[in-house]
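In what follows, a single structure is set out as structure tokens and then discussed.
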């Protein structure tokens, strides 16, 4: 397992391997310290030993004391080195973003084309998960003024990127299904509805705590329709672009509508969870201020450039070979407190689609690895989730959002 | 005189047993040392050197304990 967790605390970058090595060194220091104590006690009986025996015992005692110090120091240095590495990474990111703002997107576009060319030559085919392409995409996204691009595209003939009114309807007509509370990140990922045409895009869970307060988790699917011109499906590319640009995406409005229709009342806290575009929805709910959001969890979402409100635990899971998170640009390195979990897609969990590193099955595997991680920030985030649900049970409803035509919208009174 | 010598010998044997026990406890510590090949690159090289240094200290302590046991 090579999870890399950054942000959200004093240690900026720390791998599971590093945590393991630090733990082992502390165990070494503790054991050797115990043996050192025994030898020191033995030395107190030197009147029993010959001169030579006392001399070598004293040498052993010195070596053991040095070994304890060395193991403790190395354990501390591992932590300090990780922190320094994290800060160096953040400063480099900040410099790259500043440069991108100063010179515009042309060099980044050039870099992307070069990276595509190099990758195609190396692999005899285009491999969009190549780390250099992912990095070039991220720099290009930093340099592009997306809100301006949306305005420009909307000015063209046709309906590309034009938002519409939406509605949300329950798919489960009968009483809500009862389910247990999620046990961790693995359960959160598994509960995200699959992105399938005509199927529910949203799962809403309602928790009633012992004091009668209601807490909610809303899970959002990824992109279903890849066309730029909006049809009836709100989980489309229009919502992708408008959402990343910070606009009011149809999928986000459908999710809020589903929550309201499920019985959510203003002021009741919500934890939004999503994969891909679902992460855009989740982050938009967190930043909209529509509900108190103690935590937001995203898998493979292009939301790095978005800063959630202070006090919200922002857990972002990204596969290093997935180009989609890169489309959200770089995180704001010097101010962000998001908990970024990065890992290459587990080899046996890669999908078979166009973007094998982006599929939900792979992210579900990474989420399961997060559940067994001893990283203190992931442990704290899991604890926060458990406290939020109160251990369950959950009342579960499934919802499907639809875009409305102008005529339907006028009839229903739904807004954009 | 004979009684004193026997008591002294018993105490030396007890001390030898304590030293031998310390040696035995030191051996499993080797297995706890982190994998020296954990990382590649310059940081990995520096880490390997430090782990090797720690291992040498434990080797030296173990050798000194073995020598002390032989002298007792």
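The values are calculated or read from the model by the stated rules, or taken from the named source; none is laboratory data. In this text, all values refer to a predicted model and were calculated from it rather than measured experimentally. Methodologically, a virtual Cβ is constructed for each residue, glycine included, from the backbone with ideal geometry; neighbour enumeration extends over all protein chains shown.
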*Is it fair to say residue B:70 is at pLDDT 80 or above, within 10 Å of another protein chain (Cβ to nearest Cβ) and in a helix (DSSP H, G or I)?*
yes
*So which of B:15, B:4, B:49, B:27 ends up being under 12 Å from the mean Cα position of the chain (by Cα), outside any loop (DSSP other than H, G, I, E, B) and modelled with pLDDT under 90?*
B:27
_Whether any residue in segment A:76-84 is within 9 Å of chain B (Cβ to nearest Cβ), at pLDDT below 85 and crowded, with 17+ Cβ neighbours inside 10 Å is what I want to check._
yes
